[in-house]
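Since the structure comes first, as structure tokens, the remarks are kept for the end.
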Amino acid sequence: METASTISTTTAPTTMPGAANGVFEMPKVTYLNAQEGIKSWLLTGDHKRIAILYLISISVFFALGGVFASLIRIELLTPGPELDAEMYNRAFTAHGIIMVFMFLIPAIPAVLGNFLLPIMIGARDLAFPKVNLLSWYLYIIGGALTMSAMVIGGVDTGWTFYTPYSTTYSQSYVFLTGLGIFIMGFSSITTGLNFVITTHKMRAPGMTWSRLPLFVWSQYATSLVMLLGTPVIAITVVLLAAERVFGVGIFNPNLGGDPVLFQHLFWFYSHPAVYIMILPAMGVISELIAAFSRRRVFGYSFVAFSSLAIAIFGFLVWGHHLFVSGQSAYAGIIFSILSFIVAIPSAVKVFNWTTTLYKGSISYETPMLYALAFIGLFAIGGLTGLFCAALGLDVHITDTYFIIAHFHYVMVGSTVIAYLGGIHYWWPKMTGRGYPEFWGKLSALLIYVGFNLTFFPQFILGYLGMPRRYHVYPPEYQVLNILSTAGASVLAVGFMMPVFYLLWSLKYGPITGPNPWGAKGLEWETASPPPTFNFDATPIVTEEAYAYDAEADEAAYQAALQQGKR
Amino acid sequence: MLWELPLMPQQASTIAHKVDALYLFLWGMTAFFTLLIFALILVFAVKYKRGKVADRSNPPDTDHKLEAVWIVVPLAISLVIFGWATAIFFEQVRPPADAVEYFATGKQWMWKFQSPEGKREVNELHVPKGRNIKVTATSEDVLHDLFFPAFRTKADVLPGRYTNVWFNATKAGTYHIFCAEYCGMQHSLMIGKVIVMEPQDYERWLTTASSGTAGQTAAAGDETPAQAGERLFTQHGCQTCHQGSSGALGPALAGVSGAEVELQNGEKVKADDDYLRESILNSSAKIVKGYQAVMPNFKGQISEEDVMSLIAYIKAQK
């Protein structure tokens, strides 16, 4: 603890990066070089190394999902067909499956959560390091099976696999894809299990529940959803396979089954899965807002408990995907009102983050730009969710581009934005080096502009009536589709830039030292990059989370300014 | 091109303007809250920018009154929207009692329609303006969805079940019909047109466009669904058992539609369209009390459209 703690508490507020170059030296032994060789990575139990394995694999899948998205947007540039129908259907299915199961669900928990959760609570590692490694292998095996299905011909059911199309009519590789998703589900379950147990049993002395960083709270809530929800999708996939492969009548009415039953089972997992994707993002935003406004998050306990409320209510709203599916109108009413209620904890978070800025000492580095972008885009994503929860309106907009726009505001505008903000914020911790701030800000701006241009027109398009999963469409929808495709091009450039400058920074970025942002939290009290077991001695926590003092920090900053140091 | 940027779809049903009003209200609310948050962020971002002199003393940590405000206010607004939207929903999903029934069958990848006057069409649906029209639909294969954007309504069309969409068109014209539930390769070509006509034009169309309409079979002619059902009833020999007299092998069918039926096991069920359909195609599923399971299953032998005609015939027997 000696070396680590002395550095953090006395660090004056500095601004990353570059300024500190030459002041700090790279630590001699870190988790990155403690062992060498490819085998030491593939057999590692170190949560930080596993996070890096996830980071690499997830980035590859994100790029692949992006390629399929580009195909979709190119097709939709004109009302006529560019690709043939079969290829288009496989492209949007591949885009959905890759982005949901291989990117959005694991992204923040498996990369940032894996890296940070043990450090943030002052633990040496997760409770079960080997299970953690197993989860990565399950993810890779499942991902490889799903990708192999795409290579040998693809799937054309949409990522939702609605029956009886998927069980009886589709001529594509449904079984192999389903098997991949089934296996990846266990990766989620093992990660969730590890996080829950670690949070309960491995907190450092003094790290009480009310002192947990909000990122840990959100990971904890997410893990509960993973543990309780994922088995249901596993069961659903097994039932789907039983009907498709063995002809057991479960969903197909010709075999005595019920097609709507599949939708209930599918969304019983897949709606909570939306919260698996968004809750960790909310955790990241709480950290970023606090660090860059140098303020304790306003209403800490409300923000923490709103995560749990979302996790619980998230299990009770699946039927809002079925308002026009033949579900009873009375069931529709119950699911509608519960869907309005689940929106409240999200609103609470947005207001608390905004209020956190009050009386802060705010600086605007790349991660903060992402955090502020998140609040705005999540507000739109969340509020347009109310359109979909409103029964009489949803009848018109469901299965149209309005839905596409809404969930991309939540999944991309919020989750991906938070993921990128988090990657930039903790990049110096993970690698010991800073990224170029100019390029970081430029890419954040491009992503923000490109994102809005891509997806805002789709709200209008959907209300006009354009159904989703259409590869040809009436000509009056073209103008809005052109705007959307133009936005997607800007977005693609924005997403590609970090790949280059982050890789560049691994070699040429300034060495940042343990706490380049002057941030609070145990992760900033150890070296960057941390040693294998995170801390030289078990830290003892004596203060609340986010024990910032904006007034003092500001005074120190002003004093430094006057001395001409900046 | 940009100056032709469309923002709102055509309004062509009695429900359309109600849905639009809610939609615009929700955009107003979205704009208000988004701009409120945006303005707050902007004010704080400028006022409390690092390096700028400002009062930063005693920052509040939490404020229960404030938390209560931003829990209660959004909740109250949500409940208003919920009530409003649910009222519209009940109008959308409950067809008026006097609605005229049209039939639709979806199959990969076309829509087949039949009017109560017996007119059969493919991917086109002619309807009179100003009348309550209920389209009862089923699917021959996968899930489809009958979507009328100009009427702001849709419903999934399922195999093995009946669902319905109703509307009252307010403006003559031609509007889109889309399949809104993904149904395989040519999903985006499973589209059609609904042609709303002035009542007198519709009457004229009924008489003039009688022959040569796409999808029309010679045998079907211009029979109404009930007439076709009567023909099929005889053709399949149904009357041998369902002769309507006591002691017959099958129960009498007059007045059965919508009535309560007691089954062998004592259970009571309502004889709705789904019940009638099941009793024709898979008759052994539910046996009426006092009868034997002797009726053959007609599954695979009668098309969905013929089942609809048979049901129309049964309904016509009061």
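Nothing in this text is a laboratory measurement; each read-out follows from the coordinates by a stated rule. Keep in mind that this is a model prediction, so the values were computed, not measured. Neighbour counts run over all protein chains shown; Cβ positions are idealised from the backbone, glycine included.
Laid out as a table, the results:
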item: Using a Förster distance of 41 Å, the FRET efficiency for residue B:262-residue B:301 (Cβ separation, nearest 0.05); result: 0.90
item: Pair residue A:83, residue A:504: separation of 7 Å Cα→Cβ label points (nm); result: 3.2
item: Order of B:112, B:65, B:171 - criterion: other Cβ atoms within 10 Å of each residue's Cβ, fewest first; result: B:65, B:171, B:112
item: Pairwise label distance in nanometres, residue B:54 with residue A:331, each label 7 Å out on the Cα-Cβ vector; result: 5.1
item: Between the range A:261-327 and the range A:523-566, the alpha-carbon center distance in angstrom; result: 31
item: Sites residue A:437 and residue A:301 - FRET efficiency at Förster radius 30 Å, r taken between beta-carbons, to 0.05; result: 0.30
item: Positive-end residue of A:539, B:96, B:75, charge dipole of the protein assembly as shown with Cβ unit charges; result: A:539
item: Table column - 3J(HN,Hα) (Hz), the range B:183-196, Karplus curve with 6.51, -1.76, 1.60, x for Gly and Pro; result: 9, x, 3, 9, 3, 6, 9, 8, 10, x, 10, 9, 10, 8
item: ³J(HN,Hα), Karplus 6.51/-1.76/1.60, whole Hz, each residue of the range A:57-65, x for Gly, Pro; result: 5, 5, 5, 4, 5, 4, 5, 4, x
item: Debye, to nearest 20: dipole size of the range A:33-86, +1 on Lys, Arg Cβ, -1 on Asp, Glu Cβ; result: 440
item: The protein assembly as shown: C-alpha gyration tensor shape, a/c 1.5 cut-off, then a/b vs b/c; result: prolate
item: 5 angstrom amide H check on residue A:400, placed H, neighbours 5+ away; result: A:468
item: For a label point 7 Å along the Cα-to-beta-carbon line of residue B:174, residues of the range B:106-134 with backbone N under 12 Å; result: B:124-125
item: Cα centroid separation - the range A:376-403 against the range B:86-121, whole Å; result: 26
item: Listed residue (A:251, B:188, A:300) projecting farthest to the positive dipole end of the protein assembly as shown, Cβ model; result: A:300
item: Binned Cα-Cα distance frequencies in the range A:287-375 - 10 Å width, integer %; result: 16, 35, 24, 17, 8, 1
item: Packing-based ranking, highest mean first, of A:532-540, A:99-107, A:431-439, B:162-170 given that Cβ atoms within 10 Å are counted; result: A:99-107, B:162-170, A:431-439, A:532-540
item: Pairwise FRET efficiency - residue B:235 versus residue B:291, Cβ, R0 = 25 Å, nearest 0.05; result: 0.65
item: Packing-based exposure ordering (other Cβ within 10 Å, fewest first) of A:245, B:196, A:342; result: A:245, A:342, B:196
item: Three-way shape label, the range B:225-316, alpha-carbon gyration tensor, a/c 1.5; result: rounded
item: Alpha-carbon radius of gyration plus Dmax, which is the widest Cα pair, for chain B in Å; result: 27.2, 98
item: Which of B:183, B:241 has the fewest Cβ neighbours within 10 Å, and the rest in rising order; result: B:241, B:183
item: From phi via Karplus (6.51, -1.76, 1.60), per-residue ³J(HN,Hα) for the range A:531-536 in Hz, x at Gly/Pro; result: x, 3, 9, 6, 10, 5
item: Under 5 Å, built H, 5+ apart or other chain: amide partners of residue B:145; result: B:157, B:180, B:181
item: The range B:78-172: C-alpha gyration tensor shape, a/c 1.5 cut-off, then a/b vs b/c; result: oblate
item: For chain A: relative contact order, % (alpha-carbon pairs under 8 angstrom, 6 or more apart); result: 23
item: Distance between modelled label sites at residue B:198 and residue B:97, nm, 7 Å Cα→Cβ extension; result: 3.3
item: Residues whose placed amide H lies under 5 Å from that of residue B:163, excluding near-sequence neighbours; result: B:137, B:158
